[in-house]
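Data block below; observations after.
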Amino acid sequence: GLDIPDELHERTMGELQGGQKVRVLLAQALFGNPQALLLDEPTNHLDLDSIHWLKTFLNRYEGVLIVISHDRHFLNGVCTHIADIDYQTIITYTGSYDDMVVAKTQIRSQIEGQNAQREKKIAQLNEFIARFSAGTRSSQVQSRRKEVERLQVTELAKSNIQRPFLKFEQKRPSGKHIMELEGVTKSYGNAPVIRNFTASITRGEKIALMGRNGAGKTTLLNALLANSPTVPEAELRKTSGYDGEFLTEGKVIWGHEAAVGYFAQDHKALIQPGMTVFEWLHQWDPAAAHEEIRGLLGQMLFPRDDAEKRTDVLSGGEAARLIFCKLMLQKPNILVLDEPTNHLDLESINALNIALQRYPGTVLLVTHDEDLIDEVATRIWHFEADHKITDFKGAYEEYQAGVPA
Ligand SMILES: Nc1ncnc2c1ncn2[C@@H]1O[C@H](COP(=O)(O)OP(=O)(O)O)[C@@H](O)[C@H]1O
Ligand SMILES: [Mg+2]
């Protein structure tokens, strides 16, 4: 009933793709008709088709669902209530994620207003205490001291959700023509992945590369980057783990003054162990002032002490945030991002969304995050099943509505 094809029934779990694996795990969870389902980040590493399938499935499910997810679009499409863990407590809001944000903003400004009043009161009392503690009004000072203690105890908790701040700038703009792709073709041995793709990219375009896992998105990016003037081949070998030819046939011609910043799908491969976070970042621009490096790290939620953290022990999310620091330091005029949201939480994905919308340069973005595609992309490259890529020069909404390109 979960659309797992017969021929897969005898395979081992390791052989299955992400979307198939989730279906099998769901089948297991659903065994015996449970009244409740608990899912911890079920959309991670799923492609959009599988996310859509899961959304439809969960909407039909009659029982209670508790789900953890960083995918705003998914949450909005599935949830009737949101439990927000913040201010050292959990508050449950009725409605979807977007409803929660609206309600929470109202509550937050109330709480912050109350906090501000308390702090003002404490400051006034403290001033009184300081002025008169040496004098004759000792009983009044005493009672005010008690009052301060009482206020401090009842002070409301502050929000502990941290928001990173992302801002991509270009050192200098590129020329108008970013890239010409002529008959780009790539096979691994006899297995074709991309067949004869021709396109040209103009400055300022934001292209979303969409398609199932294994469709060839990373393969295409490698073929483009292998010919780029700014991404070193050694870096590409490291992140792809591939030592063959990146391009089987065809041509990739980069335009004038193209400076590429690259976020690889396997971005952790680029962070060599044995140094501190600060040292790793500084190497990409040794001339940069220490304050700039620290500022960038702070912006991406590595406070002072974390700058000394070893690169060996970074989590997936920390590694991703560090790569973003590198991109902000390099200030490229073309951003090539391969599944950058896989390890990011919802706040960081929103920050990335806004930063990409505001970025004046050119973007090539692989993602399965529907809101990101919807809100950032001005052009869609859809990787189809027959190794062809559909090139749609318009937004995702128009593409879905079947508007002709
Ligand atoms: N180094 C490699 N050797 C052989 N096949 C590969 C290699 N890398 C990727 N492939 C195959 O190429 C196809 C496209 O992979 P990839 O570009 O990683 O897809 P996507 O990024 O869209 O998920 C897949 O079928 C994958 O198994
Ligand atoms: Mg990929």
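The values are calculated or read from the model by the stated rules, or taken from the named source; none is laboratory data. Source: prediction; values computed, not measured. Positions of Cβ are generated from backbone atoms using ideal geometry, with glycine treated the same way; all protein chains shown enter the neighbour counts. In case anyone asks, the SASA skips ligands and DNA or RNA and just uses the protein heavy atoms, side chains included. Shrake-Rupley method; radii C 1.70, N 1.55, O 1.52, S 1.80 Å.
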*Return the Cα extents of the range 177-400 along principal axes one, two and three, sorted largest first, each rounded to a whole Å.*
50, 38, 32
*Return the long-range amide H neighbours of Phe263 (sequence gap of 5 or more, or a different chain), with a cut-off of under 5 Å between placed amide H atoms.*
Val336, Leu337, Asp338
*At a Förster radius of 41 Å, what calculated FRET efficiency corresponds to the Cβ-Cβ distance of His177 and Asp98, to the nearest 0.05?*
0.60
_At 7 Å along Cα-to-Cβ for each site, give me the label-to-label distance between Met13 and Lys146 in nm._
6.2
*Segment Ala29-Asp266, length gained on full extension (0.36 nm per residue, minus Cα span)*: 82.3 nm
*For His256 and Leu301, FRET efficiency with R0 = 51 Å and r from the beta-carbon atoms, rounded to 0.05?*
0.90
*Stretch gain in nm, segment Thr198-Arg60, where the contour uses 0.36 nm per residue and the Cα spacing is subtracted*: 45.5 nm
*Quote the relative contact order of the chain in percent (integer), defining contacts as alpha-carbon pairs under 8 Å separated by 6+ residues.*
17
*Counting Lys and Arg as +1 and Asp and Glu as -1, each charge on the Cβ, what is the dipole of the range 6-79 about the Cα centre in debye, to the nearest 20?*
240
*Could you tell me the convex hull volume per residue, in Å³, taken over the Cα atoms of the range 6-79?*
99
*Taking Rh as the Kirkwood radius computed over C-alpha pairs, what is the Stokes-Einstein D of the range 1-40 at 20 °C in a medium of viscosity 1.002 mPa s, expressed in µm² per second?*
194
*Carbon and sulfur atoms: what percent of the 1.4 Å accessible area of the range 101-156 do they account for?*
51
*Would you mind getting the accessible area per residue of the chain, heavy atoms of the protein chains only, 1.4 Å probe, in Å²?*
52
*Nearest 5 is fine: what % of DSSP beta bridges in the chain come out antiparallel, could you say?*
50
*When the label point is put 7 Å from the Cα of Leu38 along its Cα-to-beta-carbon vector, which residues of the range 59-79 have a backbone N closer than 17 Å?*
63-69
*Spatial separation of Cα centroids for the range 254-303 and the range 359-405, in angstrom*: 28
*Please give the calculated 222 nm ellipticity per residue for the chain, where each DSSP H segment of at least 4 residues contributes -39500 (n - 2.57) and the sum is spread over every residue; nearest 500 deg cm²/dmol?*
-12000 deg cm²/dmol
*Work the Kirkwood hydrodynamic radius out for the chain: mean of 1/r over every pair of different alpha-carbon atoms, inverted, in Å.*
24.4
*Gain upon complete extension [Ala401, Ser139; 0.36 nm per residue less C-alpha separation]*: 86.8 nm
*Inter-centroid distance (Cα atoms) of the range 216-247 relative to the range 48-119, Å*: 39
*Within the range 295-326, find all residues whose amide N lies under 12 Å from a label point positioned 7 Å from the Cα of Glu279 along Cα-to-beta-carbon.*
308-312
*Mind listing the phi-derived Karplus ³J(HN,Hα) values for the range 64-72, rounded to whole Hz, using 6.51, -1.76 and 1.60 with θ = phi - 60°, and x for any glycine or proline?*
8, 10, 10, 9, 9, 7, 9, 9, 4
*Please state the charge dipole magnitude for the chain, taken about the Cα centre, from unit charges on C-beta atoms (+1 on K and R, -1 on D and E), reported in debye and rounded to the nearest 20.*
1760
_For Leu301, distant residues with modelled amide H under 5 Å away_ = Phe165
*Virtual spin-label span in nm between Ile85 and His52, 7 Å along Cα→Cβ*: 3.2
